[in-house]
Amino acid sequence: MSLTGKYSPLNLNSLGSFVQNQGLRINANAELHMGTSTALSTHVMGTTTLNTVLRMLVHSIRSGFLQTNLTCYDTLISIGSQSIPALGDSKPPQYLRSTTLAPYPSAVPYTGEYTSYGWLRTIPLQAHYEFYINNGSYSDFLHTFNMAHGFIGQSNKAIDAMNAADTYLDGTYSNMNDLITADLAGVSLALFFWGQDLIALGRALDLGTIDTYGRPSNLLKTLYKNKALTKAVNLALLAAGFSSDDMDYIIGGEEATVEQQKKLYGAFSIVMGVDLVDALIPMNCQTKGLGTLADLLNPKMLFPTSYTTLTVPEYNATAGPTNSKTYYLLYTGGEVTSQVLNNYGEQLKTILPATLAASCAAFSATMLQVKNIKSMDIERFSQVVRNLETVSDLGVNGTNVPTNQDIRTSALPLIALGSGTKGRYTTCDFFGAMSGLTYDWNVLSGYLTSLGTTTLYHIYRELYLAITWEQATVSVQYSTRLDAETNIYYYSVTGLTLTDPGGGYGRSNTDAPTISISNGGGAVTTIGVNESEGTLITFGKVTSVTLSSAGPESLTIPTAIVLPPPGPGWPGMNDVVLTYISQANGEIVAIATNNPATTIALNKLYNVFGNHLTLEQNARSLGLRAEKFLPDLSTVVTEIYGFMESLNGYAVQTEKWGPVQNLEAITDTDTVGGNSMIGSMREVRNAQRLGLTGAEQDNEVGIEQLILPRVNGAVPTTTSIDPITGNTIIVPIVTTGTIVNIPINTGGASTAESPGGAGSATGSTTSVNPNAGNSNTSPWTTLVPNSIDIISITPIVKPSILTPAQAIEDVILCNCDCWDNIV
């Protein structure tokens, strides 16, 4: 159709033809070579068999199938199978179609009348089945074409992903929780509790400057942006020696000097109590336990519930037990860990106390794992984080790659059954026989012509005569005379009529049979000796009888017997047939010996034919529901593909008795596959939540033409020598400087409570009702829909919330086997 979706004249031409079942056909060149077959019982040979040594063999096989006394039929259809199968029209070794296609429904075996014209006949029969659906209706045929196209698209998507999964994220994969949470689980596994802390923080953390978190100038800009530069804050800045021009420069984007950063930190350290509350309200910050405004530069104070769960990654130069990253806790026992202290914050240590500088730099580094983190709104981000789910309880973490390789290895042979690269399906896997594109008939015919010998042709000719052995019969015409004296009847032969021409006459160049008549008379016969296609109907048969001697009158009704063809008759003819089969096999072996190169080429091509037909028949069994000659089809693999694609919709239907609840109820949680389905639904819900804040999962398995580093917010790294172990490690690139310990100037009563804390005179002013219309309330408190809100769905959906203790334990458990070798 045109780009506007309307029909063109050419479209109407096609449509008009198709509705009249016109305009399509089986490929003419293919049909010329392979012939036609419109049913199991019919076949008109094409040039590949008609003009080669195979012609008489094809007739022999068909006659053998019809000969009820033949007991060696299976041997007959296996001629040449051990040397050159094509010269015996037997099935190629790579034709592996069997009675069952496990684990799918029953298939068409190579037995019975299906074999009755030799193996090559199965291809034109397949072409007929592909085209002639339900009495030749084009609408049915085009429906199967559409079905096949849909199957190909669904299958190849799964096959491509399965093929790519063996190396997908190899070298960059850390763990499944990171993968399905866009690396947010790498900041804290206690996502619900960290999210609660983030929500309480309001707008006091600016993700746009997370790469330089810890710089007091960033906090100054955050205060300005949220209109939180209160009178008290301004007085503190003036007391620290700042002028209005200084503030304008820094807020306007000028980089503050080290001395200015120190002064800013000192100024923030003296804003506390009521003054602190006044500064926090515009930022909707309700974090408990804050003592001074400077605490907003301290991860431990920002996240009072979850700070113990914060982790920082060390990127592994080579794959190890923790894959691409080893996570370390920022804090142990409430203090900054030595791993963090020794490797982070060298530049910040010129401004902040050493431990604080290290924790700020480490927190910045771990946040920068998250793709697009700097472009996210903090309040939207907070709501999403609180609702993210992990799979720590499901045992689906993976190894150096996320996909379970045992499942992948066992599943791939069940779905990658096409003729394309790595098992991908092509259109020819459904219509190859009809189109002829996957069968090189010209070359096959050339090889058969080149290798066929007069001797082999003669053997097949004699084989046909042996299989068609049948004694001819005649009836006698006679006259009757009644003797008046004796009253006795006398019979005289007047002629003979052929009643059954028999078969197998002339074998081994024997003469036409004679006929003996019971009265002593005799007759001669003629037999068909021309086995050309036009006269084959009379070949080896008695074609005429001629009375040579009527003989005398007889007192009995005369009878006549035609001499039988050469041979013992049935069942003794089975031995004769086996003799010819043995001669044919011997001749084919001789041909192979004398023509080794051509034999190899022919066998290779013939196997290509066999492999393509196998793939074609299997694909139609799997992909089409109403395939003619496949009456046993009931279910197909596309239903699995369809289910997996529908899972995206099911995963967010978390209502009572809905899809998620039912699927979790019927899942075998003792299997990786079952748990992976639950994890897949959590992954989908996380994708929905992450999309609300602009984050995205980097979890699409695909074949990439150009491999680039994963895009994230991580700071540049370099290698360094661990001062404790002496090992080479990867650390963030930092500018080292003199460590200056700046004492924290509390500047006021040490008993001042945090906003909203017990005993705080201003607690009520910061406990803002989100529905009260206060302009300082986050507008994103209802960002996450109830269907994927972690609290709303937990009563129905299997909970995936880790407590802080569980998060810490998970980190330790993950690293227990390798920490001794690193720290």
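Every read-out reported here was derived from the displayed coordinates using simple, explicitly stated rules and does not represent laboratory data. Keep in mind that what you see is a predicted model, and the values were worked out from it rather than measured. Quick reminder, even Gly has a Cβ in these numbers, built from the backbone with ideal geometry, and neighbours come from all protein chains shown.
Could you calculate the contour length gain from I488 to D440, that is, 0.36 nm times the residue separation minus the distance between their Cα atoms, to one decimal place in nm? Spell out each step's value before the answer.
Values: separation 48, 0.36 × 48 = 17.28 nm, distance 7.55 nm.
Fully extending the segment from I488 to D440 adds 9.7 nm.
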Can you give the net charge of the other residues whose Cβ lies under 15 Å from the Cβ of P552, counting K and R as +1 and D and E as -1? -1
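So if I take the alpha carbon set of the range 434-506, get Rg, then get Rh from the Kirkwood formula, what is the Rg over Rh ratio? Walk me through the numbers before you get to the answer.
Numbers: Rg = 26.5 Å, Rh = 17.9 Å.
Taking Rg over the Kirkwood Rh, I get 1.48.
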Please give the FRET efficiency for S338 paired with E700, using the beta carbon to beta carbon distance and R0 = 35 Å, rounded to the nearest 0.05. 0.35
How far is it, in nm, from the label point at I791 to the one at N648 when both lie 7 Å from their Cα along the line to the Cβ? 3.1 nm
Inter-label distance, nm, simple model (7 Å from Cα along the C-beta direction), T454/L235: 12.4 nm
With a bin width of 5 angstrom, please list the P(r) values of the range 335-463 as percents of all Cα-Cα pairs, from the 0 bin to the one holding the largest distance. 2, 7, 7, 7, 7, 10, 8, 7, 7, 5, 5, 5, 4, 4, 4, 3, 3, 2, 2, 1, 0
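Between D668 and T480, what length in nm is gained on full extension when 0.36 nm per residue of separation is reduced by their alpha carbon distance?
On the way: separation 188, 0.36 × 188 = 67.68 nm, distance 9.27 nm.
Gain in length upon complete extension: 58.4 nm.
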Sites I557 and Q405 - FRET efficiency at Förster radius 51 Å, r taken between beta-carbons, to 0.05: 0.05
Rounded, prolate or oblate: which one fits the range 264-344, using the alpha carbon gyration tensor with axes a ≥ b ≥ c (rounded when a/c is under 1.5, else prolate when a/b beats b/c, else oblate)? prolate
Can you pull the one-decimal nm distance between simple spin-label points at A590 and D245, each 7 Å off the Cα toward Cβ? 11.3 nm
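Hey, which of these cross-link pairs are over 25 Å Cα-Cα: K221/K325; K231/K374; K288/K798; K349/K374; K157/K798?
Numbers: K221/K325 33 Å; K231/K374 30 Å; K288/K798 31 Å; K349/K374 23 Å; K157/K798 30 Å.
From K221/K325; K231/K374; K288/K798; K349/K374; K157/K798, over 25 Å: K221/K325; K231/K374; K288/K798; K157/K798.
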